[in-house]
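The values are calculated or read from the model by the stated rules, or taken from the named source; none is laboratory data. Here the structure is a predicted model, which means the values were calculated and not measured. Heads up, the Cβs are rebuilt from the backbone with ideal geometry, glycines too, and the neighbour counts pull from every protein chain shown. Surface areas here come from the heavy atoms of the whole protein model, side chains and all, with no ligands, DNA or RNA. Shrake-Rupley method; radii C 1.70, N 1.55, O 1.52, S 1.80 Å.
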Amino acid sequence: MVIAALALNAAATLTVAAGVWLSPDIHRDVPLSGVFAAGLMGCGFALCLAGPALAVSAGGSRRAQVIGATIAIGAVGFAVNFIALAWSKAAPLRFISPFHYYTPGDALAQGHVLWPQLVVLVGVGVVGLVLGHALLMKRDLAP
């Protein structure tokens, strides 16, 4: 799943890079380094969502649990970030949403990778993968 997500992100990044390179008007305003930085942020975001989803999948026994957790990570994370941006009393909640750290527009505009945000995204993904691996090693998978 992680390899597929990374491959799709790489394909999308290369496609956008080709479009930027082939369009002089866009290329003047958007550096190719920004396109690749945004693509790398996308890889981090995909890993951030996939890691915890795989951990829930490894620990869960029902498909509905896994689907619900995956939706919660994505949809609830988006909603929490939106509310935190719109309502000042909820502003501290933005740090628990992956959408707070996934800022490809900023990477695109600045032309470089936003390392602190990328480290958080990748870190959450790796923790999820490690936890999922540990859960699978303890789980009896026999029918």
Considering each residue of the range 10-32, count those that are within 18 Å of Gly111 (Cα to Cα) and open to solvent by less than 60 Å² (accessible area, probe 1.4 Å), and give that number. 11
Given the criteria within 23 Å of Val127 (Cβ to Cβ), open to solvent by 40 Å² or more (accessible area, probe 1.4 Å) and touching a helix residue (DSSP H, G or I) at 6+ places or on another chain (Cβ under 6 Å), does Met41 qualify? no
Checked against (1) under 14 Å from the mean Cα position of the chain (by Cα); (2) under 30 Å from Ala134 (Cβ atoms); (3) touching a residue at least 24 places away in the same chain (Cβ under 8 Å), His100 satisfies every condition except (3)
When every residue in the range 91-118 that is surrounded by 14 or more Cβ atoms within 10 Å (Cβ to Cβ) and among the small types (Gly, Ala, Ser) is compared, the one modelled with the lowest pLDDT is Ala109
Residues Ser97, Ser61, Ser88: which one is under 22 Å from Ala5 (Cα atoms) and among the hydroxyl-bearing types (Ser, Thr, Tyr)? Ser97
With Leu49, Leu121 as the choices, which residue is surrounded by 20 or more Cβ atoms within 10 Å (Cβ to Cβ) and at pLDDT 95 or above? Leu121
